[in-house]
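This report concerns only the one structure given below.
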Amino acid sequence: ETGVTQSPTHLIKTRGQQVTLRCSSQSGHNTVSWYQQALGQGPQFIFQYYREEENGRGNFPPRFSGLQFPNYSSELNVNALELDDSALYLCASGTGGLVHEQYFGPGTRLTVT
Amino acid sequence: AQSVTQLGSHVSVSEGALVLLRCNYSSSVPPYLFWYVQYPNQGLQLLLKYTSAATLVKGINGFEAEFKKSETSFHLTKPSAHMSDAAEYFCAVSDRADSSYKLIFGSGTRLLVRP
């Protein structure tokens, strides 16, 4: 059984650019959630996708968008990058159900200069 | 709204000493509660979870946590610290009424283990 994988590991972008981060869910999981973890802070929920539809969103602007594909892999897109977008972006996959556990990937470290 | 407070951004213990990491939560409904560990340059690993069964929850690597509703606490303990326990620990709460079961994290506690 493979775990959650994310790519790329590190990324450097310039303010105003756009970025796409990718996540491959753990086998058998049908939900994917994205979290932003700024330096020295706990992760913050961006949004979740379930069966290719957005199923909950945190307090992030519309320039943060996502996709989930039929194979349950996922993308996080961020437009018009700002310096404050510099963070570790974590993807977590899970299964909808009464007891929800989320399994996290290793993250993508995004630096915006 | 739900929230989590972790008391102490840094906790330092000697190897072999008791580990106690504090977590208090705020929730209007019975919560799910979690402890995650994060090693440097890695993602989050689930240590243990409370889902309204037994109030004393045992996790991996010898950690356990006790849910105390009257104190709104979910403190993490380990009887004897090991050097490999040095990491960042996050307490999180999830609202069972929220279909996304999104996790709301505390700000984390960095555990340092002295030889």
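Side notes on the structure shown:
- Test: residue A:73 is small (Gly, Ala, Ser), surrounded by fewer than 22 Cβ atoms within 10 Å (Cβ to Cβ), closer than 17 Å to residue A:6 by Cβ and touching a strand residue (DSSP E or B) at 6+ places or on another chain (Cβ under 9 Å): yes
- Screening residue B:100 on (1) modelled with pLDDT under 95; (2) open to solvent by 60 Å² or more (accessible area, probe 1.4 Å); (3) of a type in the set (S, T, N, Q) shows it passes everything except condition (2).
- Filtered by the rule that a residue be open to solvent by less than 50 Å² (accessible area, probe 1.4 Å), of a type outside the set (D, E, K, R) and in a strand (DSSP E or B), region B:46-86 gives B:46, B:47, B:48, B:50, B:57, B:65, B:67, B:73, B:74, B:75, B:76, B:77.
- All of B:42, B:6, B:38 fail the test of being within 13 Å of chain A (Cβ to nearest Cβ), in contact with a Lys or Arg (Cβ under 7 Å, 6 or more places away or on another chain) and not small (Gly, Ala, Ser), apart from B:6.
- Counting residues in region B:17-33 that are closer than 22 Å to residue B:97 by Cβ, of a type in the set (A, V, I, L, M, F, W, C) and within 14 Å of another protein chain (Cβ to nearest Cβ) gives one or more.
- For region B:1-45, a residue qualifies if it is more than 18 Å from residue B:70 (Cα to Cα), surrounded by fewer than 17 Cβ atoms within 10 Å (Cβ to Cβ) and in contact with a Phe, Trp or Tyr (Cβ under 8 Å, 6 or more places away or on another chain), and exactly one does: B:45.
- Output for region A:61-113, where each listed residue is under 20 Å from residue B:35 (Cβ atoms) and more than 10 Å from chain B (Cβ to nearest Cβ): A:93
- Identity of the residue in region B:65-112, among the aromatic types (Phe, Trp, Tyr) and in contact with a Gly (Cβ under 9 Å, 6 or more places away or on another chain), that ends up nearest to residue B:37 (Cα to Cα): B:89
- Long-range neighbours under 6 Å by Cβ, at least six apart or interchain, first residue more than 15 Å from residue B:20 (Cβ to Cβ) and among the β-branched types (Val, Ile, Thr) within region B:72-95, second open to solvent by 40 Å² or more (accessible area, probe 1.4 Å) and part of a strand (DSSP E or B): B:72/B:24; B:93/B:104
The values are calculated or read from the model by the stated rules, or taken from the named source; none is laboratory data. A quick note: this is a predicted structure, and the numbers were derived from the prediction, not measured. As a convention, Cβ positions derive from the backbone with ideal geometry for all residues, glycine included, and neighbour counts pool all protein chains shown. Side chains are part of the model used for accessible areas, which takes the heavy atoms of the whole protein and leaves out ligands, DNA and RNA. Shrake-Rupley method; radii C 1.70, N 1.55, O 1.52, S 1.80 Å.
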